[in-house]
Structure formats: structure tokens, C-alpha cells
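Enquirer: For reference, the structure I am asking about is given below.
The values are calculated or read from the model by the stated rules, or taken from the named source; none is laboratory data. All values derive from a computational prediction rather than experimental measurement. Every residue, glycine among them, receives a Cβ derived from its backbone with ideal geometry; neighbour counts consider all protein chains shown. Keep in mind that these areas ignore ligands, DNA and RNA; they rest on the heavy atoms of the full protein, side chains included. Shrake-Rupley method; radii C 1.70, N 1.55, O 1.52, S 1.80 Å.
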2 protein chains.
Amino acid sequence: MRLFQVRTVEEAVTVLRRYANVARPSRVCPLAEALGLAVARDILAPEDVPGFDRSTMDGFAVRASDTFGASEGLPAYLEVVGEVRMGEAPATALSPGQACRIATGGMLPAGADAVVMVEHTETVDERTVGVTRPVAPGENTVRRGDDIRAGEVLFAAGHRLRPQDVGLLAAAGVAEVPVLAPPRVGIITTGDEIVPVEQTPGPGQVRDVNSYTNAGLVAACGGVPVRYGIVRDDFDALYTAASRALAETDMVVVSGGSSVGTRDMTARVIDALGEPGVLFHGLAVRPGKPTIGAVVAGKPVIGLPGHPVSAMVVFDLIVRPLINPGERRLAVRARVSRQLRSAPGREDYVRVRLRRENGELVAEPILGKSGLIATMARADGLAVISLDSGGVEAGECVDVLLF
Amino acid sequence: MRLFQVRTVEEAVTVLRRYANVARPSRVCPLAEALGLAVARDILAPEDVPGFDRSTMDGFAVRASDTFGASEGLPAYLEVVGEVRMGEAPATALSPGQACRIATGGMLPAGADAVVMVEHTETVDERTVGVTRPVAPGENTVRRGDDIRAGEVLFAAGHRLRPQDVGLLAAAGVAEVPVLAPPRVGIITTGDEIVPVEQTPGPGQVRDVNSYTNAGLVAACGGVPVRYGIVRDDFDALYTAASRALAETDMVVVSGGSSVGTRDMTARVIDALGEPGVLFHGLAVRPGKPTIGAVVAGKPVIGLPGHPVSAMVVFDLIVRPLINPGERRLAVRARVSRQLRSAPGREDYVRVRLRRENGELVAEPILGKSGLIATMARADGLAVISLDSGGVEAGECVDVLLF
């Protein structure tokens, strides 16, 4: 057995990423089905958006210079030469001294460079409008390319598309998107004491929680969970299940077991799967110390603790960034409602429930032993007590990672 | 045409909820498929979890009173009478003066009331262990029912299940869950200038963005988007499409059009669909003023602005809480990097990008006209400038609703 240094979360993710190298297949997908998928390559804008100068107000398209000096007392009188119809090119160009009715979104006629809001005009007669306030060139318009410039990178390879991103691609006319197949993640639960959810546990037995939370977390990150069920605490049984999962998926997550020596056995099984094998055994994190990080043939294999809460915390810290490397995740700041102790040299992740108090965000630690899954369901996120602090006092601010 | 008061977001959601009354069908679903669905009724825990007293450490199950006064210098010597095997009931009860090897998660033998961590013991011989530190009754154990108490409400009706919630149900043995069918939301885009994404816009035309963002937002909220395509700015065409959508779905969202008079036409169409019809026309919100709120035969019908960004903001504020009424949504606090002006009597929602600076969350406003969809793709959330403020100064803190 090799000896491994205990890693921080940052070191763990870095070393796993260094060895992980899974080429996921890509395909071209209709835009309406692209939500939640990661783009396979940088997506460039094929054209300018908008493709023409548009009005952002209901009013009159004008030459701005014709309105200079206009006021309520001395309006600028312009000849109304028509109306821009929505979805059509204007019939005529504007000559000096002319104006054209236009609605929000309408195309500016040639010669016009600004729009006067209808509120700043007075109708004189059918052919004449009085402008009561001057506009600057460009005012109340968006110019061709203001929204999207042809050739600009809309999304970098790997970015996972949110609703607004799909909207941006629609605007740019990207009707078909090259996307990556979502990563398939094999899920194995080990433990002689674990029984399926449908089964009534006998004395000393507990139901399989981790298959469910891990599958749910994989799906929430945009991956496809593939379940390999409950495996006994036995080298051969675990080796067989893990080999199969490794062959069939892009990443494997093994959680449990809790019995003495099982964690070492899990590490030996993972190491036997192939090269480079186990990269670290032990995280400087509470809860989550007995975590195993490995890569086999370019695929990450993570051994999570058996305790459901520890497993969820470590999944959030280690597995999530592997499934969704492009995710931009920002901790929020909140004031802790009570003192939180920590040991230096270890990061503590404390389940907290957030609430508002006097306009501030307050993080209320949810107390409970790490095995208690109910504490996780009550939590909004994890407060981070950093490596080198001995804890935080009540009323101090902490970072909270939201679920 | 009736006259309507302009509403705040809170008033708008309240009045829509008062009239909305859609009975969604429920079904019983296997737990593995329940992620993201809303529970159809209160879910009670069928039994205590854990179902027995368990160890939370690797060590020795003991009677706590046998360890009182133990120290490094004067250990308490106990007779080792066996080992608890994982997943099995202990073979023997502990008598005074006895201890039993136990692993994390193991079932406490009768007579034991605490666990001594292995680190606080010394092995004397095969049959004797020395305890070098006393434990209190209950220490290093979880008791039957500590995690979940039989009969307690695990989730209230309407709660949408997250990964940790599915895990809690697994722990409690809820293998099948009564869930509500996700709400079906009909999506209509209107506007004579709108062309499908596949089509190259002619002069004055733009592509359909709102069908894509609205469908994506519906899906992200847990609803099922049903698209009814692009409809011309014409009373009969819109009435036909909206009637069909209303008959086939639980809620209808119409966005656009931008041309003068079209917004009034949309309101007239919605009002013609049935009772009670339009409840408000106008939101005290920027962007998003020209919003229409209606309920017809218990189903909400929302008229969103045509501008993609305004439509997304209003969707987030008005439609999201209708699709997912159980969502607990907390704004985070961030310091704004520059002054934001606002008019009193109106709520402003400013797109911001968040970043960390000196450990604090800073909200950087994304400047750009409301029609620019690119600004939405760059944003992490919306900073809220409240009704009665005239704005915020640079460096002040604001609430940010995260996307």
C-alpha cells in the first residue's frame, strides 16, 4: 500500500483534473433541446444582432440634428412622411426636416439616426409633428451589432446552457448547437449493512441512501446516473462491479462502506482497476475525511464516505466540479448566528439554513451528527470554515456554498 | 376596456394566486424517478430512523459508567466479549465491566449506552481493553429515531424534491412517492416582425427569442413547456392560439408584440378568453412595465413584454412563483460597484454579474439597453432596487436574486 498525503479540496480537484481525460462524444442538437447541455466547442456568432438599427421606443424616427434646440415653447416642426411597419423595411428614406412614425423594435429608415419618444411630440396635423425636446444621435435606438457582433465568442467550449443562453443562441440564429453527451456516472454503494429501499431493515441494517442522493446529484449537475446497486464489503464483489462500471461509464462514484478496514479495501480495489490508480486517500475536510480520489484510464473514480451527509458534502466539493467543470460557483456571504469551532489545517463545511434578519443574510448552523440525513434536507447550503482558522465567532461573516 | 391599477410584484403574485386554481393530477412514482417533482400531499415518516441505536465511531461499545474516572495514567480495564458485525444484531448483551468491538454504523448491544473511540483505548490482550478517557452516556452514538421520528412530516404538500430530499425519503423507506404532474405551460410569441430561428430575418425582422427563453425557464422551474409558435399581431389569430393553449395546458404565457397598440390587443384577447380575465395591466417594475396578469377558468394567463430581457425578468418575478409555489428563494447580499438610480414608486431589477473582492461579494451592473439579450447571458442575477428608494450609491449593499 502506498502512502498518500491528505489533500485539501483544491488540491484534490486539481490532481484529479490533471489525470482525468475522458473524450465525450459530441453531436449537433436542435436548439430547443439544448437546455442543460454543454457546448462541444466555442460557439461564434454567425451574424450581427440586431441586423439593422432599431427603435427602442414608440415615437418618431428623425435626424437628431433637426431637433437641436427644440423645446416646449419652440417645437421643431417636422414633416411626417409615413410609418415604419413592424417586420418590414421602411418604404422611404428621411430627408432633412422629415420624420417617420415608428414603434419599439421598428427598423430605422435610411437617413434617421435617432427616435423621439411619442411623449415628447405634439401632433399638429396629419402631415406635421412638433418635437418638444431635442434628441442626441443614437438616442432611443440600438444599432446593428449592438447586442451581438458577428464572430464574437458567445460561449466557450464546455459551457452548460441556461435558459438565457439558449435565448442568446436563438437571437444569433444558432438553430443547431454542437453539444457534448452528458457524462455518464456509475454509482455503487457498498456495505454489508445496506439494504434496498423497498426492504425493511433487520436489526443492524439500514437502507441505501447514497445511491439515491448520488444519482440525484449527478442529474442535478447535468450528468446521467447509472446505478450498479449495493455491493457487499468484499474485494472480489466490489472489483467486479467497479470494473463493469468503469467500462460502461465516464466516471465512477463508490460510497461506503463504514466497517473497519472497508475503506482500505475500497482503495485497494480502486488501485487494482488500473493506472494511475489512487491519487489521494484522505481529505482535509470535515465531514469527508475518508475520501479516496483516483483516476483509472483517464476516468475519475471517487470513493465517498459511507455516511450520507459526508458523502453529499464531498460530492458537492469534488465530484460536482468534475461533472460540470465550466460551472461558475460563487459563495454568498452570511453572518453566522452562533460560534463555529474548527481545527486548523482542516476545512469545515457546516450545514446551514439561511434566513433574512434586518435585511441581512443570517446562516443558522443545523446541528446534528454527520450521519443524520434529515439535517441535509433542512439545509440551504454549506458554510465554509477555512483551513487556517480556528473557527468563527457568532456574528462574523462566512462564505456559504448554496446547494 | 376596464382600467387597471399598476401593481407591485408582490401584489401581482398575490392577486394571481387568489384566482388561480388548477387541480393537477397526482400519481405514485418510484423514488428513483421523483427528483424535481412536487409531492402531492404531506409526506409522513413511516418509521424511526435509525431503527436502532448506532455507533458513530470505530471503537468499543461500553456502559459509560464503567469509564468514569478513566485516564491515561489509570485506564478502566474492560472485558472484550466480542465484536458487532455490520448489518447484524449483536450476539450478546453487555454486562457491567464488559466492552464489545464496534464499527461506525454498528448496532449497539443491549446494555451499552456509549462508544469509546479506538484512539482512546489501549489493547491489553485479546480479552482486555484499557479505556484511557471517560465517555458520557450517549457519546459517539445516534439513538433510534434521532434522524427521523416516525409520524413526523418530512415534506409538506407541494415541496419540490431535491437530491437530499430524495435521500431523506430513501432513509425513511418511502420507496414510492405521491407526486403532482408537473404543470404544463403553453408558450405563445406574438409579433409581426418575429421569424423562426431557422429563418434568416429580412429587413426589420428579428428571430424568435422568447419562445426559447420561456420554454427553458419553464423547464428550469420544473414545468413542461408546450410551444404554440409565433402568432401574428391579429386579434383572431391570437384568440385562436390562446384558446387552444388554455384548453390544453395549466397556464399560458404570451410574450410580445412590440408594436403600438398590440399590448392593448393582447389584453383584449386575454379578457375575451373568459372569467375573471385580466386582473392587472402594468407592473411597477423596470424592466417589465407592460405586463398583463390574468386568470381564466382558474388558469393563469400572463402577457409578458416583447423585449427578451424584460420578458425574462418578469417571468422570474411573476411566472416562476406560479409554477413552483413551494420554492424558498432568498436574495443574497452584495455591494454594488457603481451608483444605480431608480424612480421612487417603481422596483428596478438590474442585471448584475457577481464577483469576489477582498472576501466580499460585489455586484457589477451590466449596462445595456433592455432589448439586449447578451446582457442576460452575462448576468448571475438581478439586483433589486426597492419601491421607495431613489437608487443606491456605489458601495452600498443590495439584494440580488440569483438565476
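Enquirer: Could you please give the count of residues in segment A:223-254 that are in a loop (DSSP other than H, G, I, E, B), open to solvent by less than 60 Å² (accessible area, probe 1.4 Å) and either of a type in the set (Lys, Arg) or modelled with pLDDT of 95 or more (or both)?
Expert: Applying the first criterion (in a loop (DSSP other than H, G, I, E, B)) to segment A:223-254 yields A:223, A:232-234, A:249-250.
When the remaining residues are screened for being open to solvent by less than 60 Å² (accessible area, probe 1.4 Å), the result is A:223, A:233-234, A:249-250.
Checking the rest, the ones that are also either of a type in the set (Lys, Arg) or modelled with pLDDT of 95 or more (or both) come to A:223, A:249-250.
Residues that pass the stated criteria total 3.
Enquirer: What's the total number of residues in segment B:151-189 that are at pLDDT below 95 and more than 30 Å from A:Gln199 (Cβ to Cβ)?
Expert: 0
Enquirer: Given the conditions (1) of a type outside the set (Ser, Thr, Tyr); (2) touching an Asp or Glu at 6+ places or on another chain (Cβ under 7 Å); (3) in a strand (DSSP E or B); (4) at the interface with chain B (Cβ under 9 Å from one of its Cβ atoms), and given that A:Ala377 satisfies all but one, which numbered condition is not satisfied?
Expert: Against the list (1) of a type outside the set (Ser, Thr, Tyr); (2) touching an Asp or Glu at 6+ places or on another chain (Cβ under 7 Å); (3) in a strand (DSSP E or B); (4) at the interface with chain B (Cβ under 9 Å from one of its Cβ atoms), A:Ala377 comes up short only on (3).
Enquirer: Looking only at residues in segment A:201-212 that are touching a strand residue (DSSP E or B) at 6+ places or on another chain (Cβ under 9 Å) and within 7 Å of chain B (Cβ to nearest Cβ), which one is most open to solvent (accessible area, probe 1.4 Å)? Show your work before the answer.
Expert: Narrowing segment A:201-212 to residues touching a strand residue (DSSP E or B) at 6+ places or on another chain (Cβ under 9 Å): A:201-211.
Narrowing further to those that are within 7 Å of chain B (Cβ to nearest Cβ): A:201, A:203-209.
Numbers: A:Pro201: 36, A:Pro203: 76, A:Gly204: 1, A:Gln205: 46, A:Val206: 24, A:Arg207: 23, A:Asp208: 10, A:Val209: 12 Å².
Out of the qualifying residues, it is A:Pro203.
Enquirer: Sticking with this structure for a sec: Among the residues of segment A:71-110, what is the count of those that are in a strand (DSSP E or B), open to solvent by 50 Å² or more (accessible area, probe 1.4 Å) and in contact (Cβ under 8 Å) with a residue 24 or more places away in the chain? First the steps, then the outcome.
Expert: Looking only at segment A:71-110, we keep the residues that are in a strand (DSSP E or B), and these are A:76-83, A:98-102, A:107.
Going one step further and asking which of them are open to solvent by 50 Å² or more (accessible area, probe 1.4 Å), we end up with A:77, A:79, A:83, A:101.
Keeping just the survivors that are in contact (Cβ under 8 Å) with a residue 24 or more places away in the chain gives A:77, A:79, A:101.
Looking only at that region, the number is 3.
Enquirer: Considering each residue of segment B:148-177, count those that are open to solvent by 20 Å² or more (accessible area, probe 1.4 Å), of a type outside the set (Lys, Arg) and either more than 8 Å from chain A (Cβ to nearest Cβ) or without any contact (Cβ under 8 Å) to a residue 60 or more places away in the chain (or both), and give that number.
Expert: Residues meeting the conditions: 9.
Each row is one residue, and each column tells you yes or no for (1) among the β-branched types (Val, Ile, Thr); (2) open to solvent by less than 20 Å² (accessible area, probe 1.4 Å); (3) over 29 Å from B:Ala170 (Cβ atoms).
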{"position": "A:Asp348", "(1), (2), (3)": "no, yes, no"}
{"position": "A:Arg355", "(1), (2), (3)": "no, no, no"}
{"position": "A:Met376", "(1), (2), (3)": "no, yes, no"}
{"position": "A:Ala379", "(1), (2), (3)": "no, yes, no"}
{"position": "A:Ala383", "(1), (2), (3)": "no, yes, no"}
{"position": "A:Ser386", "(1), (2), (3)": "no, no, yes"}
{"position": "A:Gly395", "(1), (2), (3)": "no, no, yes"}
{"position": "A:Asp399", "(1), (2), (3)": "no, no, yes"}
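Enquirer: Find the residue count for segment A:14-35, including only residues that are open to solvent by less than 20 Å² (accessible area, probe 1.4 Å) and either aliphatic (A, V, I, L, M) or part of a loop (DSSP other than H, G, I, E, B) (or both).
Expert: Taking segment A:14-35 and keeping what is open to solvent by less than 20 Å² (accessible area, probe 1.4 Å), we get A:15-16, A:29, A:31, A:34.
Adding the requirement that they be either aliphatic (A, V, I, L, M) or part of a loop (DSSP other than H, G, I, E, B) (or both) leaves A:15-16, A:31, A:34.
Count: 4.
Enquirer: Considering only residues that are more than 10 Å from chain B (Cβ to nearest Cβ) and touching a strand residue (DSSP E or B) at 6+ places or on another chain (Cβ under 6 Å), which ones fall in segment A:213-241?
Expert: Within segment A:213-241, the subset more than 10 Å from chain B (Cβ to nearest Cβ) is A:222-224, A:226, A:228-231, A:234-241.
If the condition is that a residue be more than 10 Å from chain B (Cβ to nearest Cβ) and touching a strand residue (DSSP E or B) at 6+ places or on another chain (Cβ under 6 Å), then A:Gly222, A:Gly223, A:Val224, A:Val226, A:Tyr228, A:Ile230, A:Val231, A:Ala237, A:Leu238, A:Ala241 are the ones that fit.
Enquirer: Pull up segment B:178-200, narrow it to residues that are polar (S, T, N, Q) and in contact with a Lys or Arg (Cβ under 8 Å, 6 or more places away or on another chain), then point me to the one that is most open to solvent (accessible area, probe 1.4 Å). Before the answer, list the steps.
Expert: Start the filter on segment B:178-200 by keeping residues that are polar (S, T, N, Q), which leaves B:189-190, B:199-200.
If we keep only those that are in contact with a Lys or Arg (Cβ under 8 Å, 6 or more places away or on another chain) as well, we get B:190, B:199.
Numbers: B:Thr190: 4, B:Gln199: 86 Å².
This residue is B:Gln199.
Enquirer: Can you find a residue in segment A:165-173 that is of a type in the set (Gly, Ala, Ser), within 19 Å of the chain's Cα centre (by Cα) and assigned to a loop (DSSP other than H, G, I, E, B)? Steps first, answer last, please.
Expert: First pass over segment A:165-173, keeping only residues of a type in the set (Gly, Ala, Ser): A:167, A:170-173.
Next cut, within 19 Å of the chain's Cα centre (by Cα) only: A:167.
Keeping just the survivors that are assigned to a loop (DSSP other than H, G, I, E, B) gives none.
No, there is no match, as no residue in segment A:165-173 is of a type in the set (Gly, Ala, Ser), within 19 Å of the chain's Cα centre (by Cα) and assigned to a loop (DSSP other than H, G, I, E, B).
Enquirer: Only one of (1) open to solvent by less than 20 Å² (accessible area, probe 1.4 Å); (2) out of contact with any Leu (no Cβ under 9 Å at 6 or more places or on another chain); (3) more than 9 Å from chain A (Cβ to nearest Cβ) fails for B:Arg133. Which number is that?
Expert: (1)
Enquirer: With the requirement that a residue be of a type in the set (Ser, Thr, Tyr), open to solvent by 20 Å² or more (accessible area, probe 1.4 Å) and away from chain A (no Cβ under 12 Å), what does segment B:50-70 give you? Spell out how you get there, then give the answer.
Expert: Residues of segment B:50-70 of a type in the set (Ser, Thr, Tyr): B:55-56, B:65, B:67.
Filter again for open to solvent by 20 Å² or more (accessible area, probe 1.4 Å), leaving B:56, B:65.
Matches in segment B:50-70: B:Ser65 only.
Enquirer: A:Val185 fails exactly one of the following numbered conditions: (1) part of a strand (DSSP E or B); (2) β-branched (Val, Ile, Thr); (3) within 12 Å of chain B (Cβ to nearest Cβ). What is the number of that condition?
Expert: (3)
Enquirer: Another question, if that's okay. Of all the residues that make up segment A:129-164, how many are assigned to a strand (DSSP E or B) and within 20 Å of B:Gln205 (Cβ to Cβ)?
Expert: First, pick out the residues of segment A:129-164 that are assigned to a strand (DSSP E or B): A:129-131, A:141-142, A:148, A:153-155, A:160.
Adding the requirement that they be within 20 Å of B:Gln205 (Cβ to Cβ) leaves A:141-142, A:148.
Going through segment A:129-164 one residue at a time, the tally reaches 3.
Enquirer: Within segment B:298-338, how many residues are among the charged types (D, E, K, R), in a strand (DSSP E or B) and more than 22 Å from the chain's Cα centre (by Cα)? Talk me through it step by step, then tell me what you get.
Expert: Here is the first cut: in segment B:298-338, the residues among the charged types (D, E, K, R) are B:299, B:316, B:320, B:327-329, B:333, B:335, B:338.
Subset that is in a strand (DSSP E or B): B:299, B:333, B:335.
Right, trim to more than 22 Å from the chain's Cα centre (by Cα) and you get B:299, B:335.
Within segment B:298-338, residues that are among the charged types (D, E, K, R), in a strand (DSSP E or B) and more than 22 Å from the chain's Cα centre (by Cα) number 2.
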